[in-house]
Each structure stands twice: as C-alpha cells, then as structure tokens.
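Encoded as structure tokens, the structure appears first; notes follow it.
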Amino acid sequence: MHAGIRVALTVFVVLIVATAPVAAASGPTSPCFPGEGHQFDIGGDAAGIDLVVFLSIFENLGEAGGFGMEATGGIGDEPIIQLRAGVAFDGVGPATEFLSNPFSRFSVVYDYSMNLPMFAGSGVESSYRDDGSPVSGIETKQC
C-alpha cells in the first residue's frame, strides 16, 4: 500500500474514533455526597462489602462535591453494618460569602448503623444507629 494512502487511512480512522459519540459511564450516587462515586465490591455472594468512594470534591473544583465513603457489609442479602463518613462541600457559591466564612460551605457526613438479624427475635437489642457527628464545630449533613 502506498505511504500516502496509509497516512490518509490512518487519519480517517483516527477522526472517526475521535468524533464517535461515547456513552458516559455514570457512577453510583448518594443522598449524602454530591457527585458520583467509584464502586468497589469486596468479597462474594456469601459475605461481602459494597464500598463507594467519593472524590468529587477534587473532580468538580469549585462546584458541589464530596470526599468520603459509603460501606455496607452483609451476609447474603442481609445488610449487617453500614458506615457513611466524609465531608460534603456545597460549592463556592457567592465569592464574598465564601471568603468571609469558607467553612460554612462544608459539612461532615456521618451515619452508622448495625443490624444483627440473628438476634431479632431473642429480646436482645439487635440494631444500633448513630447519625450524630463525632466532629464538633462544623455542621453535620443528614443522609
């Protein structure tokens, strides 16, 4: 094949690939964190942890975002423990308000629950929930 034809064919293929529509893969969302997370599955069908890591505070600079994680561990289809922890950012907003109090745009995300279904009928307390932040001085975002 002539070199000019190879170059033209290569340019044509590159243009086709570069201009082809691409379906954007969207990640999991959360009521706690703005933006999309990155899904990780640990374990298998019998016992596992579903983990979603949110880094959108770094991916959407100046816009609403979050930095943290949501983890749910369970056995089979029974969730046993769930933890949501991190920081949510509401975005810069009006510059004068942000500069006068930048921490007002941040909130702590904290939500922890544990459920032991094997003790549900025994009369022993089998579930626990805590959504109060272990950090004081900054607003807590309710999930």
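A Förster radius of 22 Å combined with the Cβ-Cβ distance from LEU116 to ALA71 puts the calculated FRET efficiency at roughly 0.80. Solvent-accessible surface of the range 24-141, averaged per residue with a 1.4 angstrom probe and all protein chains in place: 61 square angstrom. Backbone N atoms of the range 53-90 closer than 13 Å to the 7 Å Cα→Cβ label point of ASP41 belong to residues 76-77.
The values are calculated or read from the model by the stated rules, or taken from the named source; none is laboratory data. Please read these numbers as outputs of a predicted model, since none were measured by experiment. Neighbour counts are summed over all protein chains in view; Cβ atoms, including those assigned to glycine, are modelled from backbone coordinates with ideal geometry. Ligands, DNA and RNA are stripped out before the accessible areas are found, and what is left, the full protein with its side chains, is counted by its heavy atoms. Shrake-Rupley method; radii C 1.70, N 1.55, O 1.52, S 1.80 Å.
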